[in-house]
Amino acid sequence: METAALLKELAESPGPSGYEEGIRSVVRARCAPFAQEVRVDALGSCIAYLPANDPAAPAAARPSLMLTAHMDEIALMVTQVEKGFLRVTQVGGFDPRVLFGQPVIVHGTRPVPGLVVSVPPHFTDPSEREKPVPLEKLFVDLGLAPSEVESLVRVGDLVTLRPRYTELAGGYAACKSLDDRAGIASLLLCLQELSRRTREWDVYVVAMVQEEVGARGAVAAAFGVAPAAAVAVDATFGSQPGLSSFESMKMDGGPAIAQGPNFHPRLFDRLLESAKAIECPHQVEIMPAESGTDAWAIQVSRGGVPCSLVSIPVRFMHTPVETVCLRDVERTARLLAELAARLPREFADSLEVRDALATGRP
């Protein structure tokens, strides 16, 4: 799979939280050539299964590794049809400051292009002109007569940003929804690589739903798969003006491997070993509290799942121009494939709870 073309297809596909049909069909088709089985769970997460190819191990003795990323994106939802214009609310964490003037697609009885607009500044109170337009004062204009709008759109229909995948200089790309379609791209590249390698662990590659509204897909998928260990892949804040080195990760610096209470120390060490084994550039991201990712939900599924988080640096997160370095996507894929391929069966037995402070480094 060619990375830029793959990422473009993923990023441009629609998939608001809870309505991931468009992106799911793309992911499912991309998984099919490399997985033994591809299925969809009751919540809509897409699960690709690649069994271990170690003939010495019976199926019951093979531990399983779950690799995940979320495929849903932030979006808007129609709350009112007002004289041919649409009032909207958020599905996920949009910053309303980035919405004004954006082209969108309204998913009514058919997809309809529109624009997010507001009243001209000439008719705005002078005290409000220097402030961002709040969401309640924005509306979507479809350019259609009120009767046509009412025949095409109803309250509850979804609105997504219109795709604008842009290749930038230096191997960078920008588009909507790279949080976390960049992660999905890395999983698909990883799956392709693993299909050619020997593995002692079964591998489940899962494209999760509804992360942006509370990691709901992760709760269900982790319970259903019941893996021995899991690694979630998500976006983290890429370096840019206005962010300190503590708040962000270096762009083109490789995947960020998270360290903190949400993550198992032995998996953390294995990820570092895997990165060094293939000379993969990588970074360590300190997360002393909740990670705000699917890893948070996976860790406490069933009786607990040893878990890690690998993040791809993304600039301008939750905007229409999320920006990623394609090399970081590819490096993440290589790191995950190396981890999965080099895990021995007995590693699963070493994931019992240990007191790292009492015993030294785990």
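The values are calculated or read from the model by the stated rules, or taken from the named source; none is laboratory data. The structure displayed is predicted, hence computed values, not measured ones. Using ideal geometry, Cβ is built from the backbone for each residue, glycine included, and neighbour counts are taken over all protein chains shown.
Summary of computed values
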quantity: One residue from ASP157, ASP202, ASP180 being in the same structural domain as PRO96 (by TED's automatic domain parsing) and either of a type in the set (Asp, Glu) or without any contact (Cβ under 8 Å) to a residue 24 or more places away in the chain (or both); calculated: ASP157
quantity: Test result for THR166, farther than 26 Å from PRO120 by Cα and modelled with pLDDT under 95; calculated: no
quantity: So ALA215, is it crowded, with 19+ Cβ neighbours inside 10 Å, touching a helix residue (DSSP H, G or I) at 6+ places or on another chain (Cβ under 7 Å) and at pLDDT 95 or above; calculated: no
quantity: Residue that is modelled with the highest pLDDT, among those in segment 307-332 that are surrounded by fewer than 24 Cβ atoms within 10 Å (Cβ to Cβ) and of a type in the set (A, V, I, L, M, F, W, C); calculated: LEU326
quantity: Residue among LEU6, LEU86, LEU76 that alone is over 30 Å from VAL133 (Cα atoms) and either within 17 Å of the chain's Cα centre (by Cα) or assigned to a strand (DSSP E or B) (or both); calculated: LEU6
quantity: Segment 300-338, residues that are under 18 Å from ALA182 (Cβ atoms), touching a Ser or Thr at 6+ places or on another chain (Cβ under 8 Å) and assigned to a helix (DSSP H, G or I); calculated: LEU326, VAL329, GLU330, THR332, ALA333, LEU335, LEU336
quantity: Segment 228-276, subset charged (D, E, K, R) and part of a helix (DSSP H, G or I), residue surrounded by the most Cβ atoms within 10 Å (Cβ to Cβ); calculated: ARG270
quantity: Single match in LEU178, LEU191, LEU152, LEU142 (criterion: of a type in the set (A, V, I, L, M, F, W, C), in contact with a Cys (Cβ under 9 Å, 6 or more places away or on another chain) and modelled with pLDDT of 95 or more); calculated: LEU191
quantity: So ALA222, is it crowded, with 18+ Cβ neighbours inside 10 Å and in a helix (DSSP H, G or I); calculated: yes
quantity: Sole exception among (1) farther than 19 Å from ALA185 by Cβ; (2) in a helix (DSSP H, G or I) for ALA289, by number; calculated: (2)
quantity: Test: THR160 is of a type in the set (Ser, Thr, Tyr), outside any helix (DSSP H, G or I) and more than 30 Å from GLU2 (Cα to Cα); calculated: no
quantity: Counted residues, segment 63-94 - those being in contact with a Ser or Thr (Cβ under 7 Å, 6 or more places away or on another chain) and not hydrophobic (A, V, I, L, M, F, W, C); calculated: 6
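The rows are residues; the columns are (1) surrounded by 14 or more Cβ atoms within 10 Å (Cβ to Cβ); (2) without any contact (Cβ under 8 Å) to a residue 60 or more places away in the chain; (3) aliphatic (A, V, I, L, M).
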{"position": "LYS8", "(1), (2), (3)": "yes, no, no"}
{"position": "ALA35", "(1), (2), (3)": "yes, no, yes"}
{"position": "HIS70", "(1), (2), (3)": "yes, no, no"}
{"position": "VAL78", "(1), (2), (3)": "yes, no, yes"}
{"position": "ARG87", "(1), (2), (3)": "yes, yes, no"}
{"position": "ILE105", "(1), (2), (3)": "yes, no, yes"}
{"position": "VAL112", "(1), (2), (3)": "yes, yes, yes"}
